[in-house]
Amino acid sequence: MSSFLTLSEINRAAQKLKDKVVLTPSQIWTSPYIQNIIGAEAQVFLKLELMQFTGTFKARGALINIFSLSKQELKRGVTAVSAGNHAIATAFAAKIMGTNSKVVMVKNANPFRVQQCQSFNAEIVFADNIHHAFDIVKKIETQEGRTFIHPFEGHLTALGTATLGLEFANQVKNLDALIIPIGGGGLCAGVASAFKLIQPKCYIYGVEPEGADTMSRSFRSGVPEKIEQVRTIADSLGAPYAMPYSYSLCKRNVDEIVLVDDIELRKAMGVLFLHAKLAVEPAGAAATAALLGPLREKVKGQRVGVIICGANTDFKTFYEQALFKQK
């Protein structure tokens, strides 16, 4: 197996997922507000992955991982660690594949995400923080013999997210630029790989929260880096470290990484609500935050793709986080 993804294996993965995931829509964002910011001649295309089963892209990687398990491995069940979205996706994939899941979530996880995990019959263990959560999941894997489905690392995870890139690249041709959120890098690793295979001239921007800048640090140092503490409202992008495989795919295919702060994330949530009628979680607004902020001048007049990666939040939290007053 090649260390990098190939178009043929991405297509095979898409066929495997065909009846298990939603082929999410892409649409042009025609808002005058956006045209005023990046130019009337620009075209912004939103990939609405928030409409995926479980509310995020995570279902793709979880399913591809579970597809690979033997009957004995399925019998023992799976485990995962997550701020919420990957736990939901793993529980969902386990249920439809006839196995069971035990997931580790941080204790301050959004209540809606906890309820979603429970709706798919997951057993939930809570941890004080994301570092503690990874320690717990390792013990579960060892002591119970469950297969650990990593939230962002590994060939199969990237292969799952690459199917999102395949869809988007086929739905919207000749993009000048694509903006992809980065947490641990699993989403960006797969989507960027697919785009560079199908639309090699497309310039790929990754975007991270300032308070969880593991991939930015890794790009600068040339090796996967870690951070001591996650400090961002975009908890779904709060990976404590980068890992070798997802880092290598991002390094190969991502042209530039930009950072956004929490205020920019909050503003982008408000813009998406007011001008695209989308209620997203902070991570789901990250690519839009980059579009409106650090990439505003760079993509003026271009055909730009924006990944809207998730919307797992409750109304109260959304209302408290989003900034609706725009300049």
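Side notes on the structure shown:
- Contact map, the stretch 166-190: first residue not assigned by TED's automatic domain parsing to the domain that holds D255, second residue acidic (D, E) and assigned to a helix (DSSP H, G or I), Cβ cut-off under 8 Å, separation 6 or more or different chains; the map is empty.
- Selection status of L23, in the same structural domain as N170 (by TED's automatic domain parsing), under 18 Å from the mean Cα position of the chain (by Cα) and in a helix (DSSP H, G or I): no
- Across the stretch 56-67, not a single residue is classified as on the phi > 0 side of the Ramachandran plot and either outside any helix (DSSP H, G or I) or not β-branched (V, I, T) (or both).
- Boolean, A192 is closer than 25 Å to A268 by Cα and among the small types (G, A, S): yes
- Residue selected from the stretch 208-225 under the condition not small (G, A, S) and not in a helix (DSSP H, G or I), by the criterion nearest to I307 (Cα to Cα): E208
Listed here are the residues, each with its yes/no results for (1) hydrophobic (A, V, I, L, M, F, W, C); (2) in contact with a Phe, Trp or Tyr (Cβ under 8 Å, 6 or more places away or on another chain); (3) over 12 Å from E167 (Cα atoms).
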{"residue": "L5", "(1), (2), (3)": "yes, no, yes"}
{"residue": "I10", "(1), (2), (3)": "yes, no, no"}
{"residue": "Q15", "(1), (2), (3)": "no, no, no"}
{"residue": "P25", "(1), (2), (3)": "no, no, no"}
{"residue": "W29", "(1), (2), (3)": "yes, yes, yes"}
{"residue": "P32", "(1), (2), (3)": "no, no, yes"}
{"residue": "G39", "(1), (2), (3)": "no, no, yes"}
{"residue": "L46", "(1), (2), (3)": "yes, yes, yes"}
{"residue": "T54", "(1), (2), (3)": "no, yes, yes"}
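- Among residues of the stretch 160-203, those that are among the aliphatic types (A, V, I, L, M) and over 29 Å from D19 (Cα atoms), counted: 1
- Search result, residues across the stretch 69-105 that are in a strand (DSSP E or B), among the small types (G, A, S) and out of contact with any Pro (no Cβ under 6 Å at 6 or more places or on another chain): A80, S101
- As for the stretch 204-224, it holds at least one residue that is free of Cβ contacts under 8 Å to residues at least 24 places away in the same chain, surrounded by fewer than 19 Cβ atoms within 10 Å (Cβ to Cβ) and of a type in the set (S, T, N, Q).
- Lone qualifier among A80, A59 - being touching a Leu at 6+ places or on another chain (Cβ under 9 Å), at pLDDT 95 or above and under 26 Å from A127 (Cβ atoms): A59
- Restricting attention to the stretch 275-327, the residues that are free of Cβ contacts under 8 Å to residues at least 60 places away in the same chain and surrounded by fewer than 16 Cβ atoms within 10 Å (Cβ to Cβ) add up to 9.
- In the stretch 3-15, the residues that are out of contact with any helix residue (DSSP H, G or I) (no Cβ under 6 Å at 6 or more places or on another chain) and touching a residue at least 24 places away in the same chain (Cβ under 8 Å): S3, F4, T6, E9, N11
- The set of residues from the stretch 106-157 being more than 28 Å from A13 (Cα to Cα), outside any helix (DSSP H, G or I) and among the aliphatic types (A, V, I, L, M) comprises V106, A109, I124, V125, A127.
- Of all the residues in the stretch 246-263, those that are buried (at least 21 other Cβ atoms within 10 Å of the Cβ) and either under 22 Å from H131 (Cα atoms) or in contact with a Gly (Cβ under 8 Å, 6 or more places away or on another chain) (or both) number 7.
- The set of residues in the stretch 160-212 being among the aromatic types (F, W, Y) and over 15 Å from the mean Cα position of the chain (by Cα) consists of F195, Y203.
- Across the stretch 225-240, the qualifying residues are those that are of a type outside the set (A, V, I, L, M, F, W, C) and surrounded by fewer than 19 Cβ atoms within 10 Å (Cβ to Cβ), and the one among them that is nearest to P282 (Cα to Cα) is R231.
The values are calculated or read from the model by the stated rules, or taken from the named source; none is laboratory data. No experiment lies behind these values; they were computed from the predicted model shown. When we count neighbours, we look across all protein chains shown, and the Cβ atoms used for this are built from the backbone with ideal geometry, even at glycine.
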